[in-house]
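What follows is one structure encoded as structure tokens, with my remarks underneath.
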Amino acid sequence: MATTNQSLHSTVLKRHLEWLKTSIWLIPTLLSFLAIALAVVALSIDRNFGDLAIASPDFGMDVEATRNLMGVLASAFVSVGGISFSVTMVALTLTSGQYGPKVLRHFLENTRNKVSLGLFFGTAVYALAVSISLHPGDKARLSVFLALALAMAALIEFIGFIHRTAIDLQADQLIQRLGKQLRQDMCRLCDNEDMPERESTTLSFRKATSGMSKETLYAVDEGYIQTVDYTGLVDELRRYKALAILRARPGDFVIPGSDLLYVWSEGGIDLADAGAPLRNQITTGPLRTPIQDPEFPITQIQQIAARALSTGINDPGTAITCIDWLTLALSEVVDADLPGSVVLGPDKEPRLLLRPVDFAYLVKLVYAPMRQSSSDDLQVSLRLMQSLIRLAALTQRRDRLSLLRAEGERIWAQIDSAVHASHDLLPIKQSLQRLRAGTNEAASKISA
């Protein structure tokens, strides 16, 4: 049970950290409170440790002049913060309209912009705190110096904030960031460090469930599956001496009454008792997250590509950039061993069967929507074919090569069925021949 609680706490912590990472309010709020603390410390040094404060420049300001200065700074940086917040809202609106609402997450995760907002509002809060805390006769040398230093830093940061916002709105920059995140997710999928031991063959699971009683555990909540505590789920199944098939994976939308788990046990299992502990290992929410969902960043990039290929925008260059970054992400797994579908318990016995995220699933996930969206655009179709050639050059696994070649054949079949000039189709046909030759050569080397 200690292991179950520890893994459950780890999953819950990841979910809360993900929520905090996409929240705008946290960093500005913390920096505002730090500004209040800095004001208290600076005034205390000015009043009680004059020898320390004397190192600061003497601006020759009395209390009234200091209050006026602090009032001006507070008013100015509240305005700067308001302008920055408005710029952020405009950027979010433009991003949602041009690239799709799924991409908003990229801006919500931008820590630097949150620090900028925190610095603007923190400077205003600092100036306000100093202003209302001044006493007659105070010589606020250090406090004034820090206020001016914060103001200069905030002004420099404001320039940087505007520059970053303008850069972030560019499609290539946005796709690059999403592509890097997807590449990290693919690497994490291969590492499989946070998962119990797994195996690929399902034979042992089928044998173990032979002759057992089967029960169905239904979902009681609606929403997207955000996290699954696999370690906790395996521990609960061990406790009830049961095995199970998880019918949904992170990223799937479940509704109350839908099949969640198929559970096998000797003599049957009382789901009235075991249902709640098993369901508690599966977290649902209103939004998809990339915590355990490798499909989520792929759909973000594909949404940009689909909009770029729409009739109203017609921007094949952006779609080609999306294909390049999707290719880079797949290159991390094209020759890698992906996790198996059977999760083993500490006793090395099969406990849980999952819907696997295998290479065939990833290829279909990446290429099928792009192929369907680009049937009338030969530039994009050619880049899709070149993408398959690049990936085929990175592996000699027969099953992977067969999948890549089959996808190339689908792309060609879809293009060939449309009306295109033969000379326009020639580069794509030549690329298909290169793909066929490359996969045949690799297959012959394997056979030899």
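The values are calculated or read from the model by the stated rules, or taken from the named source; none is laboratory data. Quantities reported herein were computed from a predicted structural model and do not represent experimental measurements. Here the Cβ positions follow ideal geometry from the backbone for every residue, glycine too, while neighbour counts run over all protein chains shown.
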Checklist line | Residues (free of Cβ contacts under 8 Å to residues at least 12 places away in the same chain and among the small types (Gly, Ala, Ser)) located in region 303-327 | finding: SER310, GLY312, GLY317
Next item on the list: Please enumerate the residues belonging to region 123-164 that are of a type outside the set (A, V, I, L, M, F, W, C) and buried (at least 19 other Cβ atoms within 10 Å of the Cβ).
Entry: THR123, TYR126, SER131, LYS139, ARG141, SER143, GLU157
Checklist line | Search result, residues across region 45-68 that are of a type in the set (S, T, N, Q), loosely packed, with under 14 Cβ neighbours inside 10 Å and at pLDDT below 90 | finding: ASN48
Check: Is it true that some residue in region 203-216 is under 30 Å from ILE301 (Cα atoms), of a type in the set (A, V, I, L, M) and part of a helix (DSSP H, G or I)?
Finding: no
Margin query: Under 8 Å between Cβ atoms, which residue pairs at least 6 apart in sequence (or on different chains) link something in region 127-146 that is over 13 Å from ASN48 (Cα atoms) with a partner that is of a type in the set (A, V, I, L, M, F, W, C) and part of a loop (DSSP other than H, G, I, E, B)?
Written below: VAL130/ALA140; LEU134/ALA140; VAL144/PHE59; VAL144/MET61; PHE145/PHE59
Check: Does SER86 satisfy the criteria of being part of a helix (DSSP H, G or I), free of Cβ contacts under 8 Å to residues at least 60 places away in the same chain and not aliphatic (A, V, I, L, M)?
Finding: yes
Item checked: Output for region 156-188, where each listed residue is closer than 30 Å to SER131 by Cα and in contact (Cβ under 8 Å) with a residue 12 or more places away in the chain -> GLU157, PHE158, GLY160, PHE161, ILE162
Item checked: Among (1) in contact with a Phe, Trp or Tyr (Cβ under 8 Å, 6 or more places away or on another chain); (2) not in a helix (DSSP H, G or I), the one test that PRO346 misses -> (1)
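Test ALA336 against the stated conditions and say whether it is among the hydrophobic types (A, V, I, L, M, F, W, C), farther than 20 Å from GLN303 by Cβ, in contact with a helix residue (DSSP H, G or I) (Cβ under 9 Å, 6 or more places away or on another chain) and touching a residue at least 24 places away in the same chain (Cβ under 8 Å).
Taking the combined requirement at face value, the residue satisfies it.
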Next item on the list: Please state which one of LEU388, LEU365, LEU382, LEU401 is farther than 19 Å from SER431 by Cα and hydrophobic (A, V, I, L, M, F, W, C).
Entry: LEU365
Notebook entry, point to check: Quick one: in region 229-285, which of the residues that are assigned to a loop (DSSP other than H, G, I, E, B) and among the hydroxyl-bearing types (Ser, Thr, Tyr) is surrounded by the most Cβ atoms within 10 Å (Cβ to Cβ)?
Noted result: TYR240
